[in-house]
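Peer 1: Here's a structure for you.
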C-alpha cells in the first residue's frame, strides 16, 4: 500500500491520479513495438513477451 497520510489527497483524487487510460497506453505499446522492430530481433524475447502481455491486459480493460 502507498502511504498517503498527511498529503490531503482525497479518495476521488487518488482515483484520478491512478487511473489508467487503456487507449493511450495501447498507442504507447504500438510505438514501442515500432521501436523494437528497429533492432531486428535483438530485443530479448522476455521483453517482447512483457510488451505483448501488457497489450493483452490493456485490451481486456479497454473493451
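Peer 1: Take residue 33 and decide whether it is at negative phi, under 19 Å from the mean Cα position of the chain (by Cα) and not in a loop (DSSP other than H, G, I, E, B).
Peer 2: Yes.
Peer 1: Taking the condition of being within 25 Å of residue 2 (Cα to Cα) and touching a helix residue (DSSP H, G or I) at 6+ places or on another chain (Cβ under 9 Å), how many residues in region 22-56 meet it?
Peer 2: Adding up the residues that qualify gives 3.
Peer 1: Answer yes or no: is there a residue in region 40-56 that is outside any helix (DSSP H, G or I), over 11 Å from the mean Cα position of the chain (by Cα), surrounded by fewer than 12 Cβ atoms within 10 Å (Cβ to Cβ) and modelled with pLDDT under 95.
Peer 2: Step one: of region 40-56, the residues outside any helix (DSSP H, G or I) are 40-44.
Filter again for over 11 Å from the mean Cα position of the chain (by Cα), leaving 40-44.
Still in the list and also surrounded by fewer than 12 Cβ atoms within 10 Å (Cβ to Cβ): 40-42, 44.
With modelled with pLDDT under 95 added as a condition, the list becomes 40-41.
Scanning region 40-56 turns up at least one residue that is outside any helix (DSSP H, G or I), over 11 Å from the mean Cα position of the chain (by Cα), surrounded by fewer than 12 Cβ atoms within 10 Å (Cβ to Cβ) and modelled with pLDDT under 95.
Peer 1: Does region 1-30 hold any residues that are in a helix (DSSP H, G or I), surrounded by fewer than 12 Cβ atoms within 10 Å (Cβ to Cβ) and touching a residue at least 24 places away in the same chain (Cβ under 8 Å), and which are they?
Peer 2: 23
The values are calculated or read from the model by the stated rules, or taken from the named source; none is laboratory data. Given the structure is predicted, the values throughout are model-derived calculations rather than measurements. Quick reminder, even Gly has a Cβ in these numbers, built from the backbone with ideal geometry, and neighbours come from all protein chains shown.
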